[in-house]
Amino acid sequence: MKLNPILMAILAAALYAVNAPISKLLLSEASPEMMAGLLYLGSGIGMGLLHFARGRRMTEKPLTRKDLPYTIAMVVLDIAAPILMMTGLEKATAANASLLNNFEIVATSLIALVVFKERISRMLWGSIILIVISSALLSFNDLSAFDFSVGSLFVLLACICWGMENNCTRMISEKSPEEIVIIKGLGSGTGALIVAILTSSHFPPFHTIPLILLLGFASYGLSVFFYVYAQRYLGAARTSAYYALSPFIGAFLSFLILREKLTGTYIAATIIMTAGTILATKDAQAADL
């Protein structure tokens, strides 16, 4: 059973990785708020249909009234995070946005330390420092002129929201993952759609809606489903370490699909980010021994 949580975390990372490049393409058809809403609705609807199609009796513990504060916080943060991410993705390259997703390790780990008193090892501290340096490099359009990327700022804010959300989800991860994902998807998706309507965002063309819903089911539904299971055994900080593979997969897909320009700064940031990710992964492996 030791390998199962790790494999779940890696699978969650791979499924989420397709989000940035495909969403970047679809943002030409929908606003960030509308994209965020439809992506999360796709996850909620898809997981709901999958649950009923399996036709199995509930064997997991259901959420209770005691879990309500964490559940509400999870939904609210999942309304804000994807809207911030889609806004950042609209203004930044998909490769940069993908790699910056690793800042979620920093946010998740520090919140786990300060609020939930999870231990952070020296190795993970080293990882955090390297990831922060890499994120700083990725946050500038032009280092010589200190031209800051507004898109990167939105991506970093999204990572902070997801870091808080990861820790809230950790507190209810012993409960049914399917129920958690369905509530996250339907609740956060509806909330984001309300924001989209209030800000007068237009609906995308009809033929793109199924694509966005399907992307949401894979990247936010199945991905979160496997992530919650992994969190149950690994904890919030260590699951995020394995999940750190996702940005590298997403960046590779961005160059492959979108043909984005490869810069010297990006290469340097990738090397530093890779070193930080290796340290985080080694820390997680050490914890399994």
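Say we look at region 20-52 and pick out the residues that are open to solvent by less than 10 Å² (accessible area, probe 1.4 Å) and among the polar types (S, T, N, Q); which of these is nearest to Leu193 (Cα to Cα)?
If we take residues in region 20-52 being open to solvent by less than 10 Å² (accessible area, probe 1.4 Å) and among the polar types (S, T, N, Q), then Ser43 is nearest to Leu193 (Cα to Cα).
Return yes or no: is Phe217 more than 18 Å from the chain's Cα centre (by Cα) and among the aromatic types (Phe, Trp, Tyr)? Give the derivation first.
Details: more than 18 Å from the chain's Cα centre (by Cα): no; among the aromatic types (Phe, Trp, Tyr): yes.
For Phe217, the condition - more than 18 Å from the chain's Cα centre (by Cα) and among the aromatic types (Phe, Trp, Tyr) - is not met.
Please work out which residue is most open to solvent (accessible area, probe 1.4 Å), limiting yourself to region 131-148 and to residues that are modelled with pLDDT under 80 and outside any strand (DSSP E or B).
Going through the qualifying residues, I end up with Phe146.
Looking at the structure I just gave you, is Ala17 at pLDDT below 95, within 23 Å of Tyr243 (Cα to Cα), of a type in the set (Gly, Ala, Ser) and crowded, with 22+ Cβ neighbours inside 10 Å?
Details: at pLDDT below 95: yes; within 23 Å of Tyr243 (Cα to Cα): yes; of a type in the set (Gly, Ala, Ser): yes; crowded, with 22+ Cβ neighbours inside 10 Å: yes.
Yes; evaluated as a whole, the condition is true for this residue.
Out of all the residues in region 149-161, is one or more in contact with a strand residue (DSSP E or B) (Cβ under 7 Å, 6 or more places away or on another chain), surrounded by fewer than 16 Cβ atoms within 10 Å (Cβ to Cβ) and of a type outside the set (S, T, N, Q)? Spell out the reasoning first.
Keep residues of region 149-161 that are in contact with a strand residue (DSSP E or B) (Cβ under 7 Å, 6 or more places away or on another chain), which gives 149.
Subsequent filtering for residues that are surrounded by fewer than 16 Cβ atoms within 10 Å (Cβ to Cβ) retains none.
Within region 149-161, none of the residues are in contact with a strand residue (DSSP E or B) (Cβ under 7 Å, 6 or more places away or on another chain), surrounded by fewer than 16 Cβ atoms within 10 Å (Cβ to Cβ) and of a type outside the set (S, T, N, Q).
Being outside any helix (DSSP H, G or I) and of a type in the set (Ser, Thr, Tyr) is true for just one of Ser98, Ser28. Which residue is that?
Testing whether each residue is outside any helix (DSSP H, G or I) and of a type in the set (Ser, Thr, Tyr) leaves just Ser28.
Looking at (1) open to solvent by 60 Å² or more (accessible area, probe 1.4 Å); (2) under 20 Å from Pro247 (Cα atoms); (3) not basic (Lys, Arg), can you tell me which one Val114 breaks?
Unmet condition: (2).
Could you tell me how many of the residues in region 6-64 are in contact with a strand residue (DSSP E or B) (Cβ under 7 Å, 6 or more places away or on another chain) and of a type in the set (D, E, K, R)? Give the steps one after another, and end with the answer.
Looking only at region 6-64, we keep the residues that are in contact with a strand residue (DSSP E or B) (Cβ under 7 Å, 6 or more places away or on another chain), and these are 60-63.
Filter once more, so that each one left must be of a type in the set (D, E, K, R): 60-61.
Adding up the residues that qualify gives 2.
Would you check which residues across region 2-49 are among the hydrophobic types (A, V, I, L, M, F, W, C) and free of Cβ contacts under 8 Å to residues at least 60 places away in the same chain and list them?
Leu3, Leu7, Leu49
Output the residues belonging to region 118-140 that are under 20 Å from the mean Cα position of the chain (by Cα) and among the polar types (S, T, N, Q).
Ser127, Ser134, Ser135, Ser139, listed by residue number.
State whether one or more residues within region 58-68 are touching a residue at least 24 places away in the same chain (Cβ under 8 Å) and either part of a helix (DSSP H, G or I) or crowded, with 18+ Cβ neighbours inside 10 Å (or both).
Scanning region 58-68, I find at least one residue that is touching a residue at least 24 places away in the same chain (Cβ under 8 Å) and either part of a helix (DSSP H, G or I) or crowded, with 18+ Cβ neighbours inside 10 Å (or both), so the answer is yes.
The values are calculated or read from the model by the stated rules, or taken from the named source; none is laboratory data. Because the structure is predicted, anything quoted here is derived from the model rather than measured. Cβ coordinates were reconstructed from backbone atoms using ideal geometry, including for glycine residues, and neighbour counts include every protein chain displayed. The area values use the complete protein model at the heavy-atom level, side chains included, leaving out ligands, DNA and RNA. Shrake-Rupley method; radii C 1.70, N 1.55, O 1.52, S 1.80 Å.
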